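All remarks here apply to the structure that follows.
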Amino acid sequence: MSLLPIIIVPDPVLKEVAKPIENITDAIKQQSLDMVETMYNAPGIGLAANQIGKLNRMFVMDVNYRKNDQSRDAITMINPEIIWRSDEMSIMEEGCLSIPQQYAEVERPKIVRVKYLNLNGAFQEMEGEGLTSHCIQHELDHLNGVLFIDYLSRLKRNMILRKVDKMQKEENIL
Ligand code: ZN
């Protein structure tokens with residue numbers, strides 16, 4: 001396994017739509033392992049292919065990670081599709097490894113049902129509520145070139161982008 005560099009805004013690859021995965025090859029399995037390792041190392045609870053510069057439809061997540069470091073139980077979703085959304089909405093604070101140290105409240109359906117392929121090529125379904133629901137939708141958005149800041153006002157979005165830009169420049173100087 002190897003750690004992959006995480007792509008930061010405003011890199012255009014974060015605005016691209018990722019393509020479906022046709023075959024679950026060894027390279028795809030390796031990508032999943034690398035993404036899981038990169039996610040835990042960040043640390044984060046989700047990571048999508050665009051964020052490591054790959055435009056294929058895969059994301060990894062483990063929403064329990066922060067609660068208990070011992071239980072590493074990451075899920076890899078390939079070609080995920082949301083097949084049902086609740087009418088009830090939920091507002092949660094979200095962050096993103098590609099938008100470091102910036103957080104904002106985002107409103108999304110409270111419960112979603114997602115269909116995806118696992119690493120063995122089998123169809124799976126999962127229902128997620130609350131944090132899990134937000135995470136699934138946030139990661140799936142990445143595969144469609146959408147970021148959580150796209151749900152904010154232009155003013156707020158530009159403020160966040162400027163902060164990240166300033167932080168990146170400061171890091172480069174040091
Ligand atoms: Zn993200």
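The values are calculated or read from the model by the stated rules, or taken from the named source; none is laboratory data. Not measured: the values here are computed from a predicted model. We place every Cβ from the backbone using ideal geometry, glycine too, and count neighbours over all the protein chains shown. All accessible areas refer to the heavy atoms of the entire protein, side chains included, with ligands and DNA or RNA removed. Shrake-Rupley method; radii C 1.70, N 1.55, O 1.52, S 1.80 Å.
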For this session: Assuming R0 = 45 Å, can you tell me the calculated FRET efficiency for the pair Leu33 and Tyr103, based on Cβ-Cβ distance, to the nearest 0.05?
Result: 0.95
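Would you calculate, for the chain, the mean residue ellipticity at 222 nm contributed by helices, counting each DSSP H stretch of 4 or more residues as -39,500 (n - 2.57) and dividing by all residues, to the nearest 500?
Numbers: 3 runs with 49 residues, N = 174.
After summing the helix terms and dividing by residue count, I get -9500 deg cm²/dmol.
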For this session: With a probe of 1.4 Å, find how much accessible area the chain has per residue, and write the answer as a whole number in Å².
Result: 56 Å²
Problem set entry | Whole-Hz couplings from phi, Karplus 6.51/-1.76/1.60, listed for segment 16-28; x for Gly and Pro | 8, 8, 7, 8, x, 8, 8, 10, 8, 7, 4, 5, 5
For this session: Decide, for segment 1-107, between rounded, prolate and oblate: order the square roots of the alpha carbon gyration tensor eigenvalues as a ≥ b ≥ c, take rounded if a/c falls under 1.5, and otherwise choose prolate if a/b is larger than b/c, else oblate.
Result: rounded
Problem set entry | Cβ-based net charge around Met92, under 12 Å, with every Lys or Arg adding one and every Asp or Glu removing one | -3
Exercise. Nearest 20 debye, what's the magnitude of the dipole of the chain about its Cα centre given +1 on Lys and Arg Cβ and -1 on Asp and Glu Cβ?
Worked result: 420 debye
Exercise. What does the charge count near Asp141 come to, summing +1 for each Lys or Arg and -1 for each Asp or Glu among other residues with Cβ under 15 Å from its Cβ?
Worked result: -1
For this session: Quick one: net charge around Gln51, please, counting Lys, Arg +1 and Asp, Glu -1 for every other residue with C-beta under 10 Å from its C-beta.
Result: -1
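Using a Förster distance of 25 angstrom, determine the FRET efficiency expected from the C-beta separation of Glu125 and Lys15, and round it to 0.05.
Result of the calculation: an efficiency of 0.30.
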Problem set entry | Lysine pairs within segment 1-140, Cα separation less than 28 Å, 8 or more sequence positions apart or different chains | 14
Exercise. Using a basic spin-label model with each label point 7 Å from the Cα along Cα→Cβ, how many nm lie between Leu55 and Met167?
Worked result: 2.7 nm
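For the chain, which whole percent of the accessible surface, found with a 1.4 angstrom probe, sits on carbon and sulfur atoms?
Percent of accessible area from carbon and sulfur atoms in the chain: 49.
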